[in-house]
Amino acid sequence: MSVRCRGAAAAACCVFFVVILRAPTAYADGIEPGLWKITTRTQSRGETGPPHESSKCLTAEDTRDLATTFSPISRTVNSTCAPIERTLTSTRLSWRLTCKGQLDMELTGEFNFDNPRHYTATLRSKAEMAGIPMVDSESTLEGVWVSACPQ
């Protein structure tokens with residue numbers, strides 16, 4: 001995924017994508033290791049961007065720990081993040097991450113693993129700097145199993 005951050009929202013935009021890029025990999029009861037195609041659609045400021053397709057090879061190790069593999073990683077500068085809040089069942093994962101400081105952020109994710117070779121998710125992000133909104137977006141993801149991972 002290529003991300004360009006410009007203008008006043010550059011810091012918030014870049015930090016958001018560093019935090020969220022790790023999300024499209026997962027495991028729930030029965031989700032199979034292998035090559036997954038992930039289609040992402042993002043809506044921001046009332047506009048929906050074109051779909052973005054990527055692929056990710058999930059190993060058996062990746063598929064053993066849903067909470068770690070599918071949750072964001074916070075890498076912020078001049079902000080402190082609270083511990084991530086998670087709820088996990090056999091077919092659903094939801095999480096919330098909040099950070100306060102120079103950049104205040106709230107990131108949420110809701111994942112539905114509806115069969116061994118398919119999942120959907122909704123990711124929301126809000127960020128502001130000095131009380132000024134910088135990011136307010138929602139992304140929907142669809143993951144589809146393609147094949148075994150190439151050797």
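The numbers here are math on the coordinates, done by the rules we state, and not lab data. Everything quoted here is computed from the prediction, not taken from an experiment. FYI the Cβ positions are ideal-geometry reconstructions off the backbone, even for glycines, and counts take in every protein chain you see.
Under 5 Å from the amide H of Ser79 lie the amide H atoms of Gln102, each residue being 5 or more positions distant or on a separate chain, with H modelled from the backbone and absent for Pro and chain starts. Straight Cα distances below 23 angstrom link Lys100 to the lysines Lys126, with same-chain residues fewer than 8 positions distant left out.
Near the amide H of Trp36, within less than 5 Å, lie the amide hydrogens of Lys56, Cys57, Leu58, Val146, all on another chain or at least 5 residues away, with H placed in the peptide plane. Net charge in the neighbourhood of Asp136 (other residues with Cβ under 14 Å of its Cβ; Lys, Arg +1, Asp, Glu -1) is -2.
For segment 53-143, the equivalent ellipsoid built from the Cα gyration tensor has semi-axes of 27, 14, 12 Å, listed from largest to smallest. Taking a sphere under 9 Å around the Cβ of Lys37 and counting the other residues whose Cβ falls inside, with K and R at +1 and D and E at -1, yields a net charge of -1. Can you give the local net charge around Thr76? Use residues other than it whose beta-carbon is closer than 12 angstrom to its beta-carbon, Lys and Arg +1, Asp and Glu -1. Once positives and negatives cancel, what remains is +1. Bridgeable lysines around Lys56 (alpha carbons under 16 Å apart, same-chain partners fewer than 8 residues away excluded): Lys37.
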